[in-house]
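Got a structure here, written out as structure tokens. Questions coming.
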Amino acid sequence: MSTIMQVEGLRKVYGGIVAVEEVSFDVREGEIFGMVGPNGAGKTTTIECLEGLRKRDTGQVSVLGVDPQIERRVIRERAGIQLQQSNLPDRMRVWEALDLYASFYPKAIDWRTLLIQLGLEEKRNAFFSKLSGGQKQRLFIALALLPDPQLVFLDELTTGLDPQARHAIWDLVRDVRGKGKTVFLTTHFMEEAERLCDRVAILDHGKIVALDTPAALIRKLGVGESVTFTVDAALPGEFEKLFKGAIRFEVRGDMVKVTRQNGRKDSLVGEVVSVLNAKNIQYRDLRTEQPTLEDVFLSLTGREMRE
């Protein structure tokens with residue numbers, strides 16, 4: 001699999017604030033590559049440097065074989081870009097937007113085909129202001145696909161969408177990759193990154209703190225199965241010591257969560273139920289959970305709120 005993007009030592013500073021510090025990675029042709037991180041981690045600055053929209057301070061960047069800072073025209077013609085914050089005039093019709101943007105490219109594909117592929121044919125004559133959030137995002141994807149790009153940038157594509165619209169957009173992203181295109185996306189949704197991405201880079205304080213497949217990142221966390229349950233009364237003292245091999249024991253109000261080390265073969269559910277019954281503790285809403293990319297993300301970046 002050939003490399004479509006190579007980044008070495010990317011650095012960007014605003015005043016005295018380092019937004020991106022020595023970031024290095026590559027993106028392989030035909031994959032969905034994701035970048036995730038807390039607010040202010042440097043995701044938007046990084047992707048804008050890759051798109052040629054922002055000038056980097058130091059480092060080497062090659063996208064589609066060119067430096068996007070120098071060969072911006074090549075990037076515009078061969079890469080599709082969906083910005084985090086996009087808009088169109090309220091009274092611009094869907095077909096008008098597609099027709100206008102198609103005129104910007106020397107070899108644009110037939111936008112009428114995109115209308116059908118992205119489920120917008122019935123909204124052909126609708127004003128932009130009358131579209132739902134999901135329909136607007138599908139239109140922005142269509143605009144990004146007009147130049148028939150080899151590489152598609154999607155920045156926070158599903159922010160603000162309801163679950164149904166989000167899943168529909170995920171299907172569209174998979175279809176884009178299925179047509180042989182490479183996708184580079186940023187997202188705040190860990191489930192989105194876990195479901196869509198072949199590889200994920202976790203960015204924190206301007207640095208990549210982890211980069212691998214979602215499955216490998218979860219495996220490296222070393223955390224196994226968890227069992228959560230709800231109790232109506234206070235737990236007896238030293239209760240957590242009754243569980244063998246538990247590496248984490250959390251009590252939040254009336255909810256209890258017991259987490260096991262990865263790799264154990266015996267059933268944590270069976271042990272939890274046995275302990276609860278032996279101590280005559282009434283419980284409800286018992287369920288099991290497997291570790292997710294969100295657990296990796298929180299472990300690496302912390303749980304505090306950021307702006």
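The values are calculated or read from the model by the stated rules, or taken from the named source; none is laboratory data. Please read all numbers here as calculations on a predicted model, not as lab measurements. Using ideal geometry, Cβ is built from the backbone for each residue, glycine included, and neighbour counts are taken over all protein chains shown.
What are the residues in the range 216-245 that are among the small types (G, A, S) and either under 16 Å from E271 (Cβ atoms) or touching a helix residue (DSSP H, G or I) at 6+ places or on another chain (Cβ under 9 Å) (or both), if any?
G224, S226, G245 - these are the residues of the range 216-245 that are among the small types (G, A, S) and either under 16 Å from E271 (Cβ atoms) or touching a helix residue (DSSP H, G or I) at 6+ places or on another chain (Cβ under 9 Å) (or both).
For (1) farther than 23 Å from I32 by Cα; (2) surrounded by fewer than 16 Cβ atoms within 10 Å (Cβ to Cβ), each residue gets a yes or a no:
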residue	(1), (2)
E96	yes, no
L100	yes, yes
S103	yes, yes
G134	no, no
R138	no, no
L143	no, no
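Mind telling me which of the residues A126, A165 ends up being modelled with pLDDT of 90 or more, touching a helix residue (DSSP H, G or I) at 6+ places or on another chain (Cβ under 7 Å) and either small (G, A, S) or over 21 Å from M92 (Cβ atoms) (or both)?
A126
Could you grab me the full set of residues in the range 55-77 that are under 23 Å from the mean Cα position of the chain (by Cα) and assigned to a strand (DSSP E or B)?
V61, S62, V63
Taking the condition of being in contact (Cβ under 8 Å) with a residue 12 or more places away in the chain, loosely packed, with under 14 Cβ neighbours inside 10 Å and out of contact with any strand residue (DSSP E or B) (no Cβ under 9 Å at 6 or more places or on another chain), how many residues in the range 192-243 meet it?
Adding up the residues that qualify gives 2.
Now a separate question. With I116, I81, I75 as the choices, which residue is hydrophobic (A, V, I, L, M, F, W, C) and loosely packed, with under 14 Cβ neighbours inside 10 Å?
I116
So G134 fits all but one of (1) touching a helix residue (DSSP H, G or I) at 6+ places or on another chain (Cβ under 6 Å); (2) assigned to a loop (DSSP other than H, G, I, E, B); what number is the exception?
(2)
If you go through the range 138-167 one residue at a time, how many are closer than 15 Å to L115 by Cα and either of a type in the set (F, W, Y) or without any contact (Cβ under 8 Å) to a residue 40 or more places away in the chain (or both)?
Qualifying residue count, the range 138-167: 2.
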